[in-house]
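Asks: Quick one: the structure is below, and I'll ask about it shortly.
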Amino acid sequence: MTFKLGLVGPGGIANSRLAPAIAELDDVELWSVMSRDLGRAGEFAERHGARAEQPAFDSLNVMLADESLDGVLIATPDKLHAEQIRTCAERGKHVLVEKPMATDLESAKAAVASCENAGVTLAVAYHLRHHAGLKALNARVRSGEFGRVNHMRAQWTFHVTDDSNWRAAADVGRWWSLGGVGTHSLDQVLWFLGEQGGAVEQVSALTSRALFGGPHDETAVVAMRFADGSTAEITSSVLIDAPSRFELYAEHAHIIGDGVLSTLGDGELRVNGEVLDYTPVNPYAGEIQDFVDAVRNGTPPAVSGEDALNNIEVLLEAAPV
């Protein structure tokens, strides 16, 4: 049977990436859409072909009352995630939530617990886990092919001309560059180093908010040390128009990735100078299919609530305000 997926938060990423990704999948369909603005929900539902008889809502509880609805994709601002996860869990709906999962540990842990108690799947949308090249590379790193990983570095930045984005303000967000792209780079570090390295034991960070003077990070440089002594660093910024960069330094390999940290699923990876051959796929379609498969098979998703908690813990140490 086709998995009926509701979407909460019809914003830019939902319009450009998430809804088109749903449309790519044979066994998943966009069922309904919820926004605080009913007209906006209706326009989005019509644009992307939502299939429910009543496809648009301005109340999450009313949307969740639809017994045909199988799961919910939450793509709202960060501070709204935790409560919306709990609400979905209480109504027995499986949840795929955009990153970061929450903006404080207490609400994040409560969200994870609510899904566990309700017996529903909670997955977190770090789409780079489904980048074909990075996925193949991660398997080789974890197999021990390259020996011990000693250091990793990830940089993803973008350039804005003003501070009108909701992440720049304090009402519905907690981090700006870190919440937009830094959390993805951090997830890559935790994915590649976590199994070998163990827990993150030390975090040091420099953040800047000098240009716009708002409450959240415009640029952040975060360094980490893992339990086994391996190290990593990430750089995020809303001030720098530069190619993204992925670097991993292991006992028997140096791995460089240009343009792989992005929304597109492409870019070049080189292992000891040789280009890694892979076929790009849509990573957003991958994350949604992974979520649906986890629900159907009763298996863990690629990124669990516990994985997301680890990410939030580092973000809070890097930029607590």
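Asks: Looking only at Ser304, Ser68, Ser230, which one moves most when the chain is put into a Gaussian network model with springs between Cα atoms under 10 Å?
Replies: Among Ser304, Ser68, Ser230, the largest GNM mean-square fluctuation belongs to Ser68.
Asks: How tilted is helix 305-318 with respect to the longest principal axis of the chain? Cα atoms for both, answer in degrees (0 to 90, nearest 10).
Replies: 60 degrees
Asks: So for each of 165-175, 197-207 I average, over its residues, the number of other beta carbons within 10 Å; can you give me the resulting order with the highest mean first?
Replies: 165-175, 197-207
Asks: Just to be sure I understand the curve: with the Debye formula and one point per C-alpha of the chain, what is log10 I(q)/I(0) at q = 0.12 Å⁻¹?
Replies: -0.81
Asks: Which of the three applies to the range 189-321, rounded, prolate or oblate, going by the alpha-carbon gyration tensor with a ≥ b ≥ c and a/c under 1.5 meaning rounded?
Replies: rounded
Asks: Run through the range 247-321 and list the GluC sites (Glu not before Pro) located in a DSSP loop whose Cβ has at most 16 other Cβ atoms within 10 Å.
Replies: Passing both the DSSP loop test and the Cβ count: Glu251.
Asks: 7 Å from Cα along Cα→Cβ at both Val62 and Lys109: what's the point-to-point distance in nm?
Replies: In this crude label model, Val62 to Lys109 measures out at 3.6 nm.
Asks: What does the accessible area per residue of the range 90-199 come to in Å², with a 1.4 Å probe and no ligands, DNA or RNA counted?
Replies: Dividing the accessible area of the range 90-199 by its residue count gives 36 Å².
Asks: What trypsin sites (Lys or Arg not before Pro) in the range 15-76 are in a loop by DSSP, with at most 15 other Cβ atoms within 10 Å of the Cβ?
Replies: Qualifying residues, ordered by number: Arg36, Arg51.
Asks: Under a 10 Å cutoff between Cα atoms, tell me which one of Asn297, Asn117, Asn272 has the largest fluctuation in the Gaussian network model of the chain.
Replies: With Cα springs under 10 Å in the chain, the top fluctuation among Asn297, Asn117, Asn272 is at Asn297.
Asks: Excluding Val303 itself, calculate the net charge of residues whose Cβ lies under 12 Å from the Cβ of Val303, where each Lys or Arg counts +1 and each Asp or Glu counts -1.
Replies: With Lys, Arg at +1 and Asp, Glu at -1, the neighbours total -4.
Asks: Another question, if that's okay. Report the relative contact order of the chain, percent, no decimals, based on alpha-carbon pairs under 8 angstrom and at least 6 residues apart.
Replies: Answer for the chain is 19 percent.
Asks: Moving to a separate point now. For the chain, modelled as a GNM with alpha-carbon contacts under 10 angstrom, which of Ala102, Ala41, Ala65 fluctuates the most?
Replies: Comparing Ala102, Ala41, Ala65 in a Gaussian network model of the chain, the most mobile one is Ala65.
Asks: Shifting gears a bit: Just to be sure I understand: of the beta bridges DSSP finds with both ends in the chain, what percent are antiparallel, rounded to 5?
Replies: 55 percent
The values are calculated or read from the model by the stated rules, or taken from the named source; none is laboratory data. Just so you know, these numbers come straight off a predicted model, no measurement behind them. No Cβ is skipped: glycine too gets one built from the backbone with ideal geometry, and neighbour counts run over all protein chains shown. SASA here: full protein model, heavy atoms, side chains in, ligands and nucleic acids out. Shrake-Rupley method; radii C 1.70, N 1.55, O 1.52, S 1.80 Å.
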